[in-house]
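Data block below; observations after.
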Amino acid sequence: MLLLLRSRWLVACLSSLMAFALILLGGCEAERRKSDAELGLNAQQSAGRKLYDEYCDRCHNPYSTRGRQGPGLKGVFKKQYLAVSGIPANDARVGEIIRIGRGKMEGFSNVLTQQQLDDLLAYMHTL
Ligand code: HEC
């Protein structure tokens, strides 16, 4: 009886160890988040990054083109046209998407001030 209990205990221990190892491995895959200084962000871009984290990050990966609920936005301003919609990638048109929204994305005109929108766009140019 005691032996049986012990081996159950061992199995429980081993499986939690394995789960822990898996979590660790998974964690290593995700790249460490760089600080604003490491990214060389100026004050406006840092302010924009905070807004991005608060309002956009849950749907848009900033440092990968891999999608979440929306497309990843890495390099969003680096090409002439946006990857999904094909809309020209400039401040005016991207600002419009952010203010009005698009498809399943709600608009942020009631949430962000013009200054905040400018800060957000400044940060997005660094992606
Ligand atoms: C609830 C999820 C959600 C949130 C929050 C969200 N978006 Fe989106 N976004 C989407 C989806 C989904 C699309 C694709 C819309 C479509 O074209 O059908 C999209 C599209 C876009 C596009 C156009 C991409 C392309 O290639 O055409 C931009 C730019 C964008 N979002 C920026 C932002 C920014 C900046 C924020 C934060 C202020 C934000 N989004 C917040 C879901 C979201």
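General observations
- Whole-angstrom gap from region 104-120 to region 56-84, using each part's C-alpha centre: 17 Å
- Annotation: amide H of residue 67 within the under-5 Å range of 72, sequence separation 5 or more or interchain, hydrogens built in the peptide plane.
- Cα-based equivalent ellipsoid, region 53-127: semi-axes from gyration tensor eigenvalues, Å: 17, 14, 13
- Rule-of-thumb Rg ratio for region 32-73 [Cα; 2.2 N^0.38 Å; N residues]: 1.18
- Loop-located trypsin sites (Lys or Arg not before Pro) in region 69-127, at most 12 other Cβ atoms within 10 Å (DSSP): 78, 79, 104
FYI, it's all coordinate maths here, none of it is from the lab. Everything numeric in this text was worked out from a predicted model, so none of it was measured. Backbone-built Cβ (ideal geometry, glycine too); neighbour counts: all protein chains shown.
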